[in-house]
Amino acid sequence: MNGDQSLTYQSRRGSKLENGNGQEETKDEKPLVPDTSAILTGSVNLLGENIVVPSMVLWEIAKGKPARIIKDQEEMLKVVEPQKSSITKIREQAGITGDLKYLSETDIEVLAVAFEIKGKVITNDYSMQNVAKTMGHSI
């Protein structure tokens, strides 16, 4: 993260943990930041991974039948809210690349969280991949 920006993860139980687990992330253990489709298609293993998602991903999932599946794994996820400044940076970059009109609010939040924690974006969405690449993020 840059300068005075700090991100606090909040589990569904409401406890706060710095850097997701109270420890510094190592360079080789980048958190994975999947979008909704990556979770629903099983592209990411929710068990044994360092998974961080914006709350809007859970909201999108909760709208459909897969909510029961995620409910069972909810304690394994770190749910966060991205900072407005990160959302603004993502919107600006997506405007430059021409991808803004193809990104949902949830897509923007996933990218913003990945930007803040230097996480790896897990998605099959071309526009998300394009914005992530231009910002130097792993996908």
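Since every read-out is calculated from the coordinates, none of them should be taken as a lab result. If you're wondering where the values come from, they're calculated on a predicted model, not measured in any experiment. Positions of Cβ are generated from backbone atoms using ideal geometry, with glycine treated the same way; all protein chains shown enter the neighbour counts.
Quick look at the numbers
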quantity: Contour excess over end-to-end distance, with Cα ends at Gln129 and Ser37 and 0.36 nm allotted per residue; calculated: 31.8 nm
quantity: Computed label-point distance, nm, for sites Lys84 and Lys30 using a 7 Å Cα→Cβ extension; calculated: 2.9
quantity: Where N is the number of residues in segment 81-134, Cα Rg divided by 2.2 N^0.38 Å; calculated: 0.96
quantity: Efficiency of FRET between Ile96 and Trp59 - r from beta-carbon atoms, R0 30 angstrom, step 0.05; calculated: 0.60
